[in-house]
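Taking it in order: structure first as structure tokens, then the write-up.
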2 protein chains.
Amino acid sequence: MNKSMTIGEYLIEQLSRHGVSHVFGIPGDYALSFFDLMTKSDKLDIINTCDEQGAGFAADAYARIKGLGAVCITYGVGGLKVANTTAQAFAEKSPVIVISGAPGVKEQEKNPLLHHKVKDFNTQKKVFDEFTVASTILDDPATAFYEIDRVIHCALRYKRPVYIEIPRDMVSVPGVRDYQHSRSGDISDPHALQEALTEAVQIINSAERPVILAGVEVHRFGLQRELVAFAEKTQIPVATTILAKSVIPDNKSFSLGIYEGATGLKEITEYVESSDCIIFLGAFLTDLNTGIYTANVDTARSIYATSEKLTIYHHRYDNILFKDFLNGLSDGDIKKRTETHPVPAPPPPFHPLKGHQKMKVQRLFHNLNSFITKDNIIIADVGDALFGANDLYIHQDTNFLSPAYYASLGFSVPAAVGAHYANPALRAIVLIGDGAFQMTGMELSTIARYGLNPIVIVLNNEGYGTERPMLDGPFNDILPWKYSLIPEILGRGKGFYVDNEKDFDSALREARDYTEDFSLIEVKIDRDDRSPALNRLTSYLAKEVK
Amino acid sequence: MNKSMTIGEYLIEQLSRHGVSHVFGIPGDYALSFFDLMTKSDKLDIINTCDEQGAGFAADAYARIKGLGAVCITYGVGGLKVANTTAQAFAEKSPVIVISGAPGVKEQEKNPLLHHKVKDFNTQKKVFDEFTVASTILDDPATAFYEIDRVIHCALRYKRPVYIEIPRDMVSVPGVRDYQHSRSGDISDPHALQEALTEAVQIINSAERPVILAGVEVHRFGLQRELVAFAEKTQIPVATTILAKSVIPDNKSFSLGIYEGATGLKEITEYVESSDCIIFLGAFLTDLNTGIYTANVDTARSIYATSEKLTIYHHRYDNILFKDFLNGLSDGDIKKRTETHPVPAPPPPFHPLKGHQKMKVQRLFHNLNSFITKDNIIIADVGDALFGANDLYIHQDTNFLSPAYYASLGFSVPAAVGAHYANPALRAIVLIGDGAFQMTGMELSTIARYGLNPIVIVLNNEGYGTERPMLDGPFNDILPWKYSLIPEILGRGKGFYVDNEKDFDSALREARDYTEDFSLIEVKIDRDDRSPALNRLTSYLAKEVK
């Protein structure tokens, strides 16, 4: 096999083999030959964004849903524009392959001052080494195929970004003949695994009221079905972190909702913190996940399993794959529980108030909650879009996306592009503040170009609303745009401006029925109106600012 | 002095002392306390952009004109968004101070998972070490003042970016009392300088037809007056590189125009290449500066002086400041020249063709050439906006800005913001392609917010026109926007759509008279219409792609 396949062809082949059917990016002369090859290939499609930043976020969203994603850009001016989006993918465990064009190997001889070069020809790779788990420059046909395999394997193994640089004169060069793809998977140490499982099962069974705190890795490693099976069987209640919202649906009998320390809902916080056995599964104790470290849970008195480590109480097991541990628990002899526990409230019916009732954030989320179905994916940007959305009732797993740890504003609009291509069956509802929208919102152009139909809800509170309660000043203001006119610029889509309950409700319904293109609903809210969740949070955040 | 001054206050004091009166940026919780301090200070103003990328480009433009600039952003999500703009500032020698907020020193203890963190708390600094000449984290009050001085000194010494990270709990902490600012300037080795000057003067005087090739460093080190004085006195003709366009005005008797190898104007190329003594002053031999290395000039048979090295023929002098060498030449006993040489053609009068004459790129630049005055600064984005603009006749020094080496698309609109605050007397004319505009053009919002009045000309050729002649495909297409409607979204400014000579000419004049806000002129040109300069260039660029 692979007789006389070129390096570019082999890279496309491997992307496709691992489920990547869409690559997001923008060309540039150092990347043109690879773009050309991708265009001519029947294995994948290129999705062009307006700015590389948008391509980076789209690839991140795609990777979260599909298990692997790719962004392709040119050297320097393209690559460094996805530094931030790649850092987010690293921090939040999203396996994005960054593919960068580069000057040809021949051009690089004698170290000339080629355009887009910064310090030396390795500058970009060195930068990406800071937020990828593997990187390579495909400058040698003898090793290129092996390198591609190695790097993609790392992305899949660690669920984090990797970096592949392809000098433009290497795209059409044949790699080694008769190359055998031969990377075997990692395996757990069977004895360590057995010992850990025996101990865990015994601890869980002797606990009065065990609880599972499920994190984002359950999603990233594709273990949602396994977790649900485990919880179905044992009826141990499952809370999730903010970052992992929608890792299990809210309508399961064992669902508790989101746990976030003192900033979360009181009944969930109390239930989790009073448990005598917390089983952490793939959860990272970040500041936002733990309610700015108000979480009163002690991993040293818990079972704590992630892809990076497995600890029980104060001791640590090595060489155990997270997946094997979770599957082992599922198969273990764990008794069924019958304790009652809080459950996420199913969405109450919503009736807009008559007359010109100003739109309030809390009521907006109430309305949305009754509006969304299992066929929607909610993509929440940073700010009250995210915090308010924490209380949304999610009907099916993976129907909620947000950068709830790294928290880079401007994720959601380009993420809707990535989410569409990862799962076209879901219609995206984007929740975004006006500040975040002004960063990347014009990627609506990409949405218009490809005829996608998300419903984009812009919460317009005239600036960086999350920061105002921490420390306010003119630096938190932004210019008010007439967001609802954007469809006129793009020549597609429908725009709405609403400032009251009735109009918002009508706009939502009209947008739902308008499926041929995107809708943008600008919702004017008061400058100081916030969701209850954000009010709880910012009082803690403000303490650190002054 | 400096009794009980805080670290934040001292940083503001030093920015101001070195001429920085405007800082571009976007806050975030880790940067809020420093934003608050800047707002309350009477020494500088904050200019808020839509996205951090815009702030980075604005600070770069400001630094090029004013000699020092600053961008202030938050940790991670802000900092990494200016990675690309800082790389450009590094590559093109623009002294930008990147000031990043960061988690407090106390918060960082125990290495917790704080939001916006990537790998560890040093990740961002390590990234910036790749494209800055000095960096520091102000985590120690005992050294903070010294560190601020050291790092700003490096920015000024090397005319390149530096990085200052200020943990949020350090902003209000007093530094050392009675700190004496005591950094002395660098000096040349007087003996080496004397020897180099003697040799250079003798070589120049014995040459038949010396020529000066002036580069961007003459601008960056503020040596334009010195160069003009030297050329006035000796009448040695001066050509400039693309990157250094406008380093001297075109209307001087000794001006030759732009030298760019085989891709430049034939008479200039011949004049320069047939010289028996080329004096390189602050010029870097990049690919675009040398017409994709078609330049037929040999630095080993020349006098070659930059801030980084001084060589004459094959030998090298160390420890000589570029400035001292140029001043020494100026004072040297160099004979006056009388040879005739090509001169830049003063702009011929332009008369729009009557009737509906399609707009052609060449005619657009012809029209512009007769339109601009010494009160305009031309800011050209990458693409034909830049290459076509090479032929513009510039009336006064520093009236032309463009990223002609690193070549990052999207520079020009935010650069107009920076240019305004660096020199409010100049009215900017922005030349930008539609592809570049879709990246950062919405920074018109910043222009609208602060009531600036540039004339922004969008060359709409439906995509990445510079790439089409190299290798074309659907990846070079973009969605057509109705650019002229953007003022309606922003609530300020005037929009024009033109597709013929007459309308373009009227729009230009109307925009000139409309001084209260910005104008945006969308010029529809044919997909394959290009300036003569770009046609010359792309035939060389295309050779490397395939």
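Can you tell me how chain A classifies by the Cα gyration tensor, rounded, prolate or oblate, using a/c under 1.5 as the rounded cut? Here chain A falls in the oblate category.
Inter-chain neighbour count for A:28-37: the average number of beta-carbon atoms from partner chains within 10 Å of each residue's beta-carbon is 5.
Extending 7 Å from Cα along the Cβ direction at A:ALA345 and again at B:ASP477 yields two label points whose distance is 5.0 nm.
Projected label points at A:LYS502 and A:SER206, each 7 Å from Cα along the beta carbon direction, are separated by 6.5 nanometres.
Averaged over the residues of B:282-289, the number of partner chain Cβ atoms lying within 10 Å of the residue Cβ comes to 3.
Projecting the Cα positions of A:PHE131, B:THR538, B:VAL297 onto the charge dipole of the protein assembly as shown (unit charges on Cβ atoms of Lys, Arg, Asp and Glu, taken about the Cα centre) puts B:THR538 furthest along the positive direction. Less than 5 angstrom separates the built amide H of B:GLY410 from those of B:VAL382, all sequence-distant by 5 or more or on a different chain.
For the protein assembly as shown, the dipole from Cβ point charges (+1 on Lys and Arg, -1 on Asp and Glu) about the Cα centre works out to 520 debye, to the nearest 20. Centre-to-centre, using Cα atoms only, the stretch B:421-458 and the stretch A:48-116 are separated by 27 Å. Placing unit charges on the Cβ atoms only, positive for Lys and Arg and negative for Asp and Glu, gives the stretch B:95-249 a dipole magnitude near 480 debye about its Cα centre. In terms of the mean number of neighbouring beta-carbon atoms within 10 Å, the peptides A:159-165, B:185-191, A:283-289 order highest first as A:159-165, A:283-289, B:185-191.
In the assembly of identical copies, A:GLN194 has its label point, taken 7 Å from Cα in the direction of the beta carbon, separated from the corresponding points by 8.7 nm (ascending, one decimal).
Averaged over the residues of A:46-55, the number of partner chain Cβ atoms lying within 10 Å of the residue Cβ comes to 5. Taken as Cα centroids, the stretch A:8-43 and the stretch B:226-253 sit 47 Å apart, rounded to the nearest whole angstrom.
Over chain B, Cα pairs under 8 Å with separation of 6+ residues give a relative contact order of 13 percent. Using only the Cα atoms of the stretch A:272-409, build the gyration tensor, take square roots of its eigenvalues as a ≥ b ≥ c, and label the shape rounded, prolate or oblate: rounded if a/c is under 1.5, else prolate if a/b is larger than b/c, else oblate. Judged from the Cα gyration tensor, the stretch A:272-409 comes out prolate (a/c at least 1.5, a/b above b/c).
The peptide list B:198-206, B:460-468, A:100-108, B:25-33, put in order of mean Cβ contacts within 10 Å with the highest first, becomes B:25-33, B:460-468, A:100-108, B:198-206. Taking every C-alpha pair closer than 8 Å and separated by at least 6 residues, the mean separation divided by the residue count of the stretch B:1-143 gives a relative contact order of 22 percent.
For A:SER253, the point set 7 Å out from Cα toward Cβ sits 9.9 nm from its twins in the other copies, listed from shortest up.
For the rotational copy relationship between A and B, the axis lies nearest to a chain A beta carbon, identified with its distance in whole angstrom as A:ALA83, 2. Among A:HIS181, A:HIS366, sorting on how many other beta-carbon atoms sit within 10 Å of each Cβ, with the fewest leading, yields A:HIS181, A:HIS366. Helices in chain B, meaning DSSP H runs of at least 4 residues, each add -39500 (n - 2.57). Divided by all residues, the mean residue ellipticity at 222 nm is -10500 deg cm²/dmol.
Toward the positive end of the charge dipole of the stretch B:191-266, with +1 on the Cβ of Lys and Arg and -1 on the Cβ of Asp and Glu, the farthest Cα among B:LEU256, B:ALA214, B:PRO237 is that of B:LEU256.
With R₀ fixed at 51 Å, the C-beta to C-beta distance from B:HIS181 to A:THR294 puts the FRET efficiency at about 0.70. Taking a threshold of 29 Å on the Cα-Cα distance, which of the pairs B:LYS93/B:LYS502; A:LYS117/B:LYS336; A:LYS354/A:LYS543; A:LYS482/B:LYS358; A:LYS81/B:LYS543 fall above it? From B:LYS93/B:LYS502; A:LYS117/B:LYS336; A:LYS354/A:LYS543; A:LYS482/B:LYS358; A:LYS81/B:LYS543, over 29 Å: B:LYS93/B:LYS502; A:LYS117/B:LYS336; A:LYS354/A:LYS543; A:LYS482/B:LYS358. So for the stretch A:361-541, taking the charge dipole from beta-carbon charges (+1 Lys/Arg, -1 Asp/Glu), which of A:LEU520, A:TYR421, A:LEU431 sits furthest toward the positive end? Final value for the positive-end residue is A:TYR421. Computed about its Cα centre, the charge dipole of chain A is approximately 380 debye, with only Lys, Arg, Asp and Glu carrying charge at their Cβ. The GluC sites (Glu not before Pro) of the stretch B:485-546 that meet both conditions, a loop assignment by DSSP and at most 12 other Cβ atoms within 10 Å of the site Cβ, are B:GLU516.
Between this copy and the others, label points of B:THR373 are 6.4 nm apart in ascending order, each placed 7 angstrom from Cα in the Cβ direction. For the stretch A:490-528 versus the stretch B:290-342, the inter-centroid distance based on Cα atoms is 63 Å.
None of the figures in this text is laboratory data; all of them are computed from the coordinates on show. Source: prediction; values computed, not measured. Cβ: placed from backbone, ideal geometry, glycine included. Neighbour counts: every protein chain shown.
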